[in-house]
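A.B. asks: Before we start, here is the structure in question, set down as structure tokens.
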Amino acid sequence: MIRPLARLTPDPQVLDRIHVARGFTGFQHYALVETLLTIADGTVSVIVCPAIDGLYRDDDLRDEERQEMLVRVLAMLSRLAREHDLPIVLTRTRVDTLSEPVATATDVTIECEQTRMGPRFHSDGFETLVYPLGNGQLQTTLAFWERILEARQPVYDAAQVGPQSSEVPADGTY
């Protein structure tokens, strides 16, 4: 987990502020979230739980335990979010009855779909507008350029406010 982050970080000291913990079973994951309740403080700025439903699908859990444990973990994370005013980012491995509580527990849902240009993310008011192609090249969408042109319109309008005539003023001054 840290190696990909190390390639992205502008300074190695940034990594000192990132803490990574991983459970290998649903029970371990559950225990990690319980521990997080006791150690989270004002220095935590975001919690990320990728594939939160994944470990609760494993065979080491009985069918009746799976959703119950996942719902309890989501409740603990919701408590953390409320008590510390923290954003919590969750992803799930698939959409089904087990992962349904994940969608229910969230305020904002961002959908991800694979396209031939790469992953496309979208939600209310947000969508992927730029796709990296490699070698510093990007593929953009028409919606991207529409937003760029809308943002530039006030600058263009302000430039048009100046003198509209090429005539010399009567007093000879400019």
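A.B. asks: Being within 15 Å of ARG82 (Cβ to Cβ) and assigned to a helix (DSSP H, G or I) is the filter here; which residues of the range 34-46 pass it?
C.D. replies: Result: LEU36, LEU37.
A.B. asks: Assuming ALA151 fulfils every condition listed in (1) closer than 30 Å to CYS49 by Cβ; (2) open to solvent by less than 80 Å² (accessible area, probe 1.4 Å) apart from one, which condition is it?
C.D. replies: Status for ALA151: all satisfied but (1).
A.B. asks: Conditions first: (1) assigned to a helix (DSSP H, G or I); (2) surrounded by 16 or more Cβ atoms within 10 Å (Cβ to Cβ); (3) among the aliphatic types (A, V, I, L, M). MET76 passes all but one, so which condition is the exception?
C.D. replies: Evaluating MET76 over (1) assigned to a helix (DSSP H, G or I); (2) surrounded by 16 or more Cβ atoms within 10 Å (Cβ to Cβ); (3) among the aliphatic types (A, V, I, L, M) leaves (2) as the failure.
A.B. asks: Looking at (1) open to solvent by 40 Å² or more (accessible area, probe 1.4 Å); (2) out of contact with any strand residue (DSSP E or B) (no Cβ under 6 Å at 6 or more places or on another chain), can you tell me which one PRO119 breaks?
C.D. replies: (2)
A.B. asks: For the range 82-97, give me each residue that is surrounded by 15 or more Cβ atoms within 10 Å (Cβ to Cβ) and not in a loop (DSSP other than H, G, I, E, B).
C.D. replies: Passing the criteria: HIS84, ILE88, LEU90.
A.B. asks: Another one. Evaluate the following for TYR131: is it over 28 Å from GLY26 (Cα atoms), of a type in the set (Ser, Thr, Tyr), open to solvent by 80 Å² or more (accessible area, probe 1.4 Å) and without any contact (Cβ under 8 Å) to a residue 40 or more places away in the chain?
C.D. replies: Values: over 28 Å from GLY26 (Cα atoms): yes; of a type in the set (Ser, Thr, Tyr): yes; open to solvent by 80 Å² or more (accessible area, probe 1.4 Å): no; without any contact (Cβ under 8 Å) to a residue 40 or more places away in the chain: yes.
No, not satisfied.
A.B. asks: Please go through the range 1-11 and give me each residue that is open to solvent by 100 Å² or more (accessible area, probe 1.4 Å) and free of Cβ contacts under 8 Å to residues at least 12 places away in the same chain, ordered by number. Working first, answer last.
C.D. replies: Within the range 1-11, the first condition is being open to solvent by 100 Å² or more (accessible area, probe 1.4 Å), and the residues that meet it are 1, 3, 7-8, 10.
Of everything in the range 1-11, those that are open to solvent by 100 Å² or more (accessible area, probe 1.4 Å) and free of Cβ contacts under 8 Å to residues at least 12 places away in the same chain turn out to be ARG3, ARG7, LEU8, PRO10.
A.B. asks: Based on what the data block shows, is ASP107 closer than 30 Å to ILE148 by Cα, exposed (fewer than 10 other Cβ atoms within 10 Å of the Cβ) and not hydrophobic (A, V, I, L, M, F, W, C)?
C.D. replies: Values: closer than 30 Å to ILE148 by Cα: yes; exposed (fewer than 10 other Cβ atoms within 10 Å of the Cβ): yes; not hydrophobic (A, V, I, L, M, F, W, C): yes.
When the stated conditions are applied, ASP107 passes them.
A.B. asks: Take the conditions surrounded by 11 or more Cβ atoms within 10 Å (Cβ to Cβ), under 20 Å from LEU86 (Cβ atoms) and modelled with pLDDT under 90 and apply them to VAL71. Does it pass?
C.D. replies: Numbers: surrounded by 11 or more Cβ atoms within 10 Å (Cβ to Cβ): yes; under 20 Å from LEU86 (Cβ atoms): yes; modelled with pLDDT under 90: no.
No; evaluated as a whole, the condition is false for this residue.
Conditions tested, residue by residue: (1) surrounded by fewer than 17 Cβ atoms within 10 Å (Cβ to Cβ); (2) of a type in the set (S, T, N, Q); (3) closer than 24 Å to SER123 by Cβ.
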site	(1), (2), (3)
ASP16	yes, no, no
THR25	yes, yes, no
ALA31	yes, no, no
LEU55	no, no, no
ARG62	yes, no, no
GLN67	no, yes, no
SER99	no, yes, yes
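The values are calculated or read from the model by the stated rules, or taken from the named source; none is laboratory data. In this text, all values refer to a predicted model and were calculated from it rather than measured experimentally. Neighbour counts run over all protein chains shown; Cβ positions are idealised from the backbone, glycine included. Note: accessible area is taken over every heavy atom of the protein model, side chains too, but ligands, DNA and RNA are not part of it. Shrake-Rupley method; radii C 1.70, N 1.55, O 1.52, S 1.80 Å.
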